[in-house]
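Everything on this sheet refers to the single structure shown next.
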Amino acid sequence: MDIEGSVALGDGRQSWHRPREGTLVTGVHAGFVDTDLSAWTDRPKISAADVAEQSVRALADDRVEVLADEEARRVKAALSQTPSAEPHV
């Protein structure tokens, strides 16, 4: 699932579960996480421990979203921009 779909799914779950059940749904978004699954690329990676630490802190702070690294923050910022009329090639 891409980040757009993930954000939409998290928002939908949050708006349904929180008022009815008091359940906090926290979306955790990251680029590549340094695990065996990302060993094939030399793109920048965040450690799994850092993602876990940020996630636990978000739960403790009652936050609905974690943007764990620069890639996640960049993509999230792009989602809030008005789409251009020019196609991206």
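Distant-in-sequence amide contacts of G27, defined by a placed amide H-H separation under 5 Å and a gap of 5 or more residues or a different chain, comprise E65, V66.
Between A48 and V25, what length comes free when the chain is fully extended (0.36 nm per residue of separation minus the Cα-Cα distance, one decimal in nm)?
6.3 nm
Give the carbon-plus-sulfur fraction of the accessible surface of the range 15-70 in %, rounded to a whole number; probe 1.4 Å, heavy atoms of protein chains only. Of the solvent-accessible surface of the range 15-70, carbon and sulfur hold 54 percent. Computed from label points 7 Å out along Cα-Cβ, the spacing between E65 and S38 is 2.0 nm.
The values are calculated or read from the model by the stated rules, or taken from the named source; none is laboratory data. Since we're looking at a predicted model, the values are computed, not measured. Neighbour counts are summed over all protein chains in view; Cβ atoms, including those assigned to glycine, are modelled from backbone coordinates with ideal geometry. Heads up: the accessible areas ignore ligands, DNA and RNA and are worked out on the full protein's heavy atoms, side chains in. Shrake-Rupley method; radii C 1.70, N 1.55, O 1.52, S 1.80 Å.
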